[in-house]
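Enquirer: First the structure, which I've put down as structure tokens, then a few questions once you've had a look.
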Amino acid sequence: MKVAIIGQGYVGLTIAAFASKHYQVIGYDNNSKIVDQLNSGISHIEGVESSLIEKAVASGNYLASSQSTDIAGSDVVVIAVPTPLTKDRKPDLTYIKSACKTIAESLIGSALIINESTSFPGTIRDFIKPLIEKLSPIKIEHLYAISPERVDPGRTDWDQKNTPRLFAGLTPEASKRTREFYSTFCDNLVEVSSPEVAEAAKLFENTFRQVNIALVNEFSQIANALGISVHETLEAANTKPYGFMKFNPSAGVGGHCIPVDPSYLAYVAAGKGVPATFIERANQVNLEMPKYIVSRVKSDNGGSLKGKSVQVIGIAYKPNVADVRETPAELVIAELVAQGAIVSWHDPVVKSWHGVESTDLGGADIAIVVTLHDVMDRAKVTASAPYVFDTTGKLTGVKGL
Ligand SMILES: NC(=O)c1ccc[n+]([C@@H]2O[C@H](COP(=O)([O-])OP(=O)(O)OC[C@H]3O[C@@H](n4cnc5c(N)ncnc54)[C@H](O)[C@@H]3O)[C@@H](O)[C@H]2O)c1
């Protein structure tokens, strides 16, 4: 069976690594630099070892390509392209549109088209299917399904094999073929009654995280005002064996999912005239955390940061990945600059960001720890500046949330 995966990023390459053990996989990506790297056996994604890609390329089961003609003859096409927000925080389906164009123009035979990109309910039925049919130069009846991706980059205990996978086809035949496709590399497939349920479940999972993170971020401010430790209080609450789930305070949310997906849900809610107040308030609380953190640092440092050197430690949005999309570190830096501080950053995992290289650890008046990677020596981070503010809750003997 020939499988084309459109987009070879965090989601697409992860699927390609598993699928190429069973199928002939074309990893289609319009970034030719990524394609060249992959064909030389180099992975650009944490959690997908280069040795796996090297082996898959050598076996002849995996070929990365920027040539849309390589998609022709595929039995299954998986869409795994970005679904970000526009500047006014509305769903941006530009990449999906462009993937649909590639599919429509390249497929000459009928295929099963599965969307793994996160989007709002109705995307496969009312957007992807009609668009491919409209752009296709010939009339073909494809099968359509959705299977939202749940990969957590950098995580090793839950992967493609053991993480339950939701799916639904637009027709019973599409559902059957989708089950057959994933069952070779996923142990637990959960079929739901419609694609819209699968699409909405994915958005709700991430909204649940977004709202709870905002709640604990708000609580960290209340705890500080009360003069108690937020971390000790959370540990205490967490001794309850039922009805409580612990979330940790932080500088905010980042990555391609938690800050983005809830806005997709809010968008469809608005279209139906239903309020999405929790989502909007949670967004606001999380986006304001960097300002709160900088205000704490400022008041601990004589009420002004003007002319003071500040090193932001860890700029990836979470530990052990090089992903800086929507990272709260960016807002922390912007606020520090607005306060007149001289800002540098240190991140041994990200290394280079906005054309600037990571600076060596230490040497500033103030350090703010946003993300603590495992490769960072905690004792060295703790001693990196005369004043250290820790947003991660992992350092002892320093100021922090
Ligand atoms: N990263 C995650 O942890 C995660 C988890 C679950 C779901 N998702 C969802 O999966 C989707 C993909 O996310 P990602 O993190 O893999 O993105 P990514 O940015 O890591 O990768 C996307 C890839 O698609 C390529 N691309 C863009 N437009 C293309 C086109 N028209 N044709 C071919 N290639 C194209 C890009 O060059 C890039 O390599 C998004 O909808 C995201 O919300 C992501």
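Enquirer: Looking at the range 245-392, send over the antiparallel percent of its DSSP beta bridges, to the nearest 5.
Expert: Details: 2 of 15 bridges.
In the range 245-392, DSSP labels about 15 percent of beta bridges as antiparallel.
Enquirer: Next question. At 222 nm, what value in deg cm²/dmol follows for the chain if DSSP H runs of at least 4 each add -39500 (n - 2.57) and the sum is divided by all its residues, to the nearest 500?
Expert: Numbers: 12 runs with 151 residues, N = 401.
Dividing the helical sum by the residues of the chain leaves -12000 deg cm²/dmol.
Enquirer: Hey, with R₀ at 25 Å, roughly what FRET efficiency would T69 and K134 work out to, going by the Cβ-Cβ distance, to 0.05? Spell out each step's value before the answer.
Expert: Values: r = 21 Å, r/R0 = 0.83.
E(calc), rounded to 0.05, equals 0.75.
Enquirer: Where in the range 149-193 does the label zone of A269 land, with the point 7 angstrom along Cα→C-beta and an amide N cut-off under 16 Å?
Expert: Taking a point 7 Å out along Cα→Cβ of A269, no residue of the range 149-193 has its backbone N under 16 Å.
Enquirer: Still on this model: Amide H neighbours of N320 under 5 Å, counting only residues 5+ apart in sequence or on other chains, H built in-plane at 1.01 Å?
Expert: H373, D374
Enquirer: Residue-wise, which Karplus ³J(HN,Hα) couplings in Hz belong to the range 250-262, taking 6.51 cos²θ - 1.76 cosθ + 1.60, θ = phi - 60°, and x for glycine or proline?
Expert: 6, 6, x, 10, x, x, 8, 10, 4, x, 10, 4, x
Enquirer: Looking at the chain only, what percent of DSSP beta bridges run antiparallel? Nearest 5 please. Walk me through the numbers before you get to the answer.
Expert: On the way: 5 of 44 bridges.
Around 10 percent of the beta bridges assigned by DSSP in the chain are antiparallel ones.
Enquirer: Oh, and also: So if I place +1 on the C-beta of Lys and Arg and -1 on the C-beta of Asp and Glu, and nothing else carries charge, what would the dipole magnitude of the range 169-209 be about its Cα centre? I want it in debye, nearest 20.
Expert: Working: 5 positive and 7 negative charges, 12 e Å.
Its charge dipole is roughly 60 debye.
Enquirer: Another question, then. If you average the alpha carbon positions of the range 203-253 and of the range 329-361, how far apart do those two centres end up, in angstrom?
Expert: Spelled out, the Cα-based centre of one part sits 27 Å from the other.
Enquirer: Would you mind working out the magnitude of the charge dipole of the chain relative to its Cα centre, with +1 at each Lys and Arg C-beta and -1 at each Asp and Glu C-beta, to the nearest 20 Debye?
Expert: Numbers: 38 positive and 43 negative charges, 102 e Å.
Its charge dipole is roughly 480 debye.
Enquirer: Show me, for the range 83-99, the HN-Hα J-couplings you get by feeding each phi into the Karplus relation (A = 6.51, B = -1.76, C = 1.60, θ = phi - 60°), rounded to Hz, glycine and proline as x.
Expert: Result, ordered by residue: 10, x, 10, 6, 4, 8, 6, 10, x, 10, 9, 3, 5, 5, 4, 5, 5 Hz.
Enquirer: Thinking of the chain as a set of Cα atoms, what percent of all their pairs are more than 28 Å apart?
Expert: Numbers: 41589 of 80200 pairs.
Beyond 28 Å sits 52 percent of the P(r) for the chain.
Enquirer: Further question on the same structure: Set the bar at 22 Å for Cα to Cα. Now go through K33/K55; K97/K139; K246/K318; K308/K394 and name every pair that lies beyond it.
Expert: Pairs exceeding 22 Å: K308/K394.
Enquirer: Which of G273, H256, Y292 sits closest to the plus end of the dipole of the range 236-319, meaning its Cα is farthest towards the positive end, when Lys and Arg get +1 and Asp and Glu get -1 on the C-beta?
Expert: Y292
Enquirer: Within 10 Å, at most 13 other Cβ atoms, and a DSSP state outside H, G, I, E, B define an exposed site. Report the longest part of the chain free of exposed GluC sites (Glu not before Pro). Walk me through the numbers on the way to the answer.
Expert: Details: sites that count: E49, E141.
In short, 142-401.
Enquirer: Something else about it: Can you tell me the orientation of helix 50-59 relative to the chain, as the angle in degrees between its alpha-carbon axis and the longest Cα principal axis, to the nearest 10?
Expert: The answer is roughly 10 degrees.
Enquirer: Say R0 is 41 Å: what FRET efficiency, to the nearest 0.05, do I108 and E54 get from their beta-carbon distance? Walk me through the numbers before you get to the answer.
Expert: Numbers: r = 32 Å, r/R0 = 0.77.
So the FRET efficiency works out to roughly 0.85.
Enquirer: Continuing with this model, one more query. Please report, in whole Å, how far the alpha carbons of the range 1-94 spread along each principal axis, starting with the longest.
Expert: Taking the Cα atoms of the range 1-94, the three principal extents are 46, 29, 21 Å.
Enquirer: Related question: Taking a 1.4 Å probe, which of F278, F389 shows the most accessible area, and what order do the others take after it?
Expert: Working: F278 150, F389 0 Å².
Ranked list, largest accessible area first: F278, F389.
Enquirer: At D159 and H22, where each label point lies 7 Å from the Cα along Cα→Cβ, what is the point-to-point distance in nanometres?
Expert: Result for the modelled spin labels: 1.5 nm.
Enquirer: Still on this structure: Give me the three principal axis extents of the range 270-316 from the C-alpha atoms, as integers in angstrom, largest value leading.
Expert: Principal extents (largest minus smallest coordinate, Cα): 50, 25, 14 Å.
Enquirer: Now for a separate question. Where in the range 327-364 does the label zone of D377 land, with the point 7 angstrom along Cα→C-beta and an amide N cut-off under 15 Å?
Expert: Counting only backbone N, you get 348, 360-363.
Enquirer: Let me spell out the model: positive unit charges on the Cβ of Lys and Arg, negative unit charges on the Cβ of Asp and Glu, origin at the Cα centre of the range 263-351. What dipole size does that give, in debye rounded to 20? Walk me through the intermediate numbers first.
Expert: On the way: 10 positive and 8 negative charges, 24 e Å.
Magnitude of the dipole: close to 120 debye.
Enquirer: Another question, then. For the range 265-353, rounded, prolate or oblate, judged on the Cα gyration tensor with a ≥ b ≥ c (square roots of eigenvalues), a/c < 1.5 rounded, else prolate if a/b > b/c?
Expert: oblate
Enquirer: Taking H placed 1.01 Å from N in the peptide plane, check which residues at least 5 places from V78 or on another chain put their amide H under 5 Å from its amide H.
Expert: Close amide H contacts, sequence-distant or interchain: A4, I5, I6, I114.
Enquirer: Specify which residue in the list L372, Y242, A168 is farthest towards the positive end of the charge dipole of the chain, using unit charges on the beta carbon of Lys, Arg (+1) and Asp, Glu (-1), about the Cα centre.
Expert: Y242
Enquirer: Ordered by residue, what ³J(HN,Hα) values in Hz, to whole numbers, does the range 185-199 give under the Karplus form 6.51 cos²θ - 1.76 cosθ + 1.60, where θ = phi - 60° and Gly and Pro are x?
Expert: 10, 10, 7, 9, 9, 10, 8, 10, 6, 8, x, 5, 5, 5, 5
Enquirer: Taking H as built 1.01 Å from N, whose amide H comes closer than 5 Å to the amide H of A367, not counting residues under 5 places away?
Expert: Q311, Y387, V388, F389
Enquirer: Keeping every protein chain in place, order D390, D360 by accessible area at 1.4 Å, biggest value first, i.e. largest first.
Expert: Values: D390 5, D360 130 Å².
Sorted by accessible area, descending: D360, D390.
Enquirer: What is the distance in Å between the Cα centres of the range 143-182 and the range 58-129?
Expert: 15 Å
Enquirer: Can I ask one more? Specify whether the C-alpha gyration tensor of the range 301-401 places it in the rounded, prolate or oblate class, a ≥ b ≥ c being the square roots of the eigenvalues: rounded for a/c under 1.5, otherwise prolate if a/b is larger than b/c and oblate if not.
Expert: It comes out oblate by the Cα gyration axes.
The values are calculated or read from the model by the stated rules, or taken from the named source; none is laboratory data. Note that the structure is predicted; figures quoted are calculated from it, not measured. In this analysis, Cβ positions are derived from the backbone assuming ideal geometry, glycine residues included, and neighbour counts consider all displayed protein chains. Calculation scope for accessible area: heavy atoms of the full protein, side chains included, ligands and nucleic acids excluded. Shrake-Rupley method; radii C 1.70, N 1.55, O 1.52, S 1.80 Å.
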